[in-house]
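A.B. asks: Supplied in structure tokens, the structure appears directly below.
The values are calculated or read from the model by the stated rules, or taken from the named source; none is laboratory data. Keep in mind the model is a prediction, meaning the values are calculated, not measured. For neighbour counting, all protein chains shown are included, and Cβ atoms are generated from backbone atoms with ideal geometry for every residue, glycine included.
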Amino acid sequence: MLDRFSSRSKEKSAESIPTPSIYKKERQKVVVRMKSGDVYYGSTFALNRQAEIFHLELVTAEGISLNKTLPIAFKNVKALFYVKSFDGRFDPAIEFPQDIPPAKALAVEFSDGEVIVGRPMHARWNEEVRFFLVPEDQKSNNLMVLVERSAVVSIQDADLYTREQENAYQKYKATHFKPEMSDLECQGDYLFRSGKYGDAFRIYRDLFKNDQENSRLKKKVCAARYNLGIRLIRQRNYTKALQFMEAVLALDPSHQQAQSRVEQLRTHIQKKQSQSSRSE
């Protein structure tokens, strides 16, 4: 493990490099994920990483201004994600120039189980209370992540992490692989069990496209998509959560849990829209 943060390191963090200048020239799209699971969307100027709080000008997940500024305490934050788009939908043809730091890639594991692989922006990242990480996957929605160290449980060399994950999967495969499934489907099951529903869903979806009579794969596609919808509900992204739940029902109209969630979400969204129209 590479994380050797100490009280001596905390003293040195006051000397750390400020927010990269490219992120101070204009308002950036920022998604703030809290330790509680709450998610806020917005923009912020001249972020001071040594301060106790920062201010976020709030927008909806669709990018619509809420005309409200929210003070947020870093101690309650998991990470700040500088993104290409708030909803994750961006034109892949549009280039986002990004300098790749020369440092070795790290695998940062958060207390909620999420793992982000990226390269630290600054050489003294290990001495800072919070540090910038450039994701290794340049095709993802994330341009850069400000990691809140108090939300992290481990930081490892990315290559070592990959080897450990491969070993863990092989152990899982030894007891869970069945003759009727492919290795790829077994990987999907392993990812699903690990809470990586997005990765599991993409595997199940691609397999199901080539075998649409397979009821087992159909059930797994629905399960992964349903869990992604639940995650969106926890993030208060109700509109997108409704889309996910409706997609589950489109594939399996008898899915009772999705039926219940769709009814709840529609009621909630209609109520919010009604309250918003009355306040205008």
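A.B. asks: Looking for something closer than 30 Å to residue 30 by Cβ and touching a Ser or Thr at 6+ places or on another chain (Cβ under 7 Å) - is there at least one such residue anywhere in the range 199-210?
C.D. replies: So far as the range 199-210 goes, no, none of its residues is closer than 30 Å to residue 30 by Cβ and touching a Ser or Thr at 6+ places or on another chain (Cβ under 7 Å).
A.B. asks: If you don't mind, another one. Which of the residues that make up the range 161-188 are in contact (Cβ under 8 Å) with a residue 24 or more places away in the chain and within 27 Å of residue 118 (Cβ to Cβ)?
C.D. replies: Answer for the range 161-188, where residues must be in contact (Cβ under 8 Å) with a residue 24 or more places away in the chain and within 27 Å of residue 118 (Cβ to Cβ): 161, 162, 188.
A.B. asks: Let me ask you something else. Quick check on this structure: which one of 147, 108, 153 is more than 14 Å from the chain's Cα centre (by Cα) and either of a type in the set (Val, Ile, Thr) or at pLDDT 95 or above (or both)?
C.D. replies: 153
A.B. asks: Restricting to the range 51-69, what's the tally of residues that are in a loop (DSSP other than H, G, I, E, B), charged (D, E, K, R) and more than 19 Å from the chain's Cα centre (by Cα)?
C.D. replies: 1
A.B. asks: List, please: which pairs have Cβ atoms under 7 Å, are six or more places apart or on different chains, and start with a residue in the range 70-99 that is in a strand (DSSP E or B) and end with one that is surrounded by 15 or more Cβ atoms within 10 Å (Cβ to Cβ) and acidic (Asp, Glu)?
C.D. replies: 77/148; 78/148; 79/148
A.B. asks: With the structure loaded, tell me whether residue 79 is modelled with pLDDT of 90 or more, under 23 Å from the mean Cα position of the chain (by Cα) and of a type in the set (A, V, I, L, M, F, W, C) or whether it fails that test.
C.D. replies: The answer is yes for residue 79.
A.B. asks: Listed residues 161, 197; which is in contact with a strand residue (DSSP E or B) (Cβ under 9 Å, 6 or more places away or on another chain), modelled with pLDDT under 95 and either hydroxyl-bearing (Ser, Thr, Tyr) or surrounded by fewer than 17 Cβ atoms within 10 Å (Cβ to Cβ) (or both)?
C.D. replies: That would be 161, the only listed residue that is in contact with a strand residue (DSSP E or B) (Cβ under 9 Å, 6 or more places away or on another chain), modelled with pLDDT under 95 and either hydroxyl-bearing (Ser, Thr, Tyr) or surrounded by fewer than 17 Cβ atoms within 10 Å (Cβ to Cβ) (or both).
A.B. asks: Restricting to the range 40-53, name every residue that is modelled with pLDDT of 90 or more and of a type in the set (A, V, I, L, M).
C.D. replies: If the condition is that a residue be modelled with pLDDT of 90 or more and of a type in the set (A, V, I, L, M), then 51, 53 are the ones that fit.
A.B. asks: Also, I was wondering about something else. Given the condition hydroxyl-bearing (Ser, Thr, Tyr) and either within 20 Å of the chain's Cα centre (by Cα) or not in a helix (DSSP H, G or I) (or both), answer yes or no: does some residue in the range 257-266 qualify?
C.D. replies: Checking the range 257-266: not a single residue is hydroxyl-bearing (Ser, Thr, Tyr) and either within 20 Å of the chain's Cα centre (by Cα) or not in a helix (DSSP H, G or I) (or both).
A.B. asks: Across the range 109-158, which residue is nearest to residue 38 (Cα to Cα) among those that are loosely packed, with under 14 Cβ neighbours inside 10 Å and touching a residue at least 60 places away in the same chain (Cβ under 8 Å)?
C.D. replies: The selected residue is 112.
A.B. asks: At pLDDT below 95 and crowded, with 19+ Cβ neighbours inside 10 Å: is that true of residue 232 in this structure?
C.D. replies: Taking the combined requirement at face value, the residue satisfies it.
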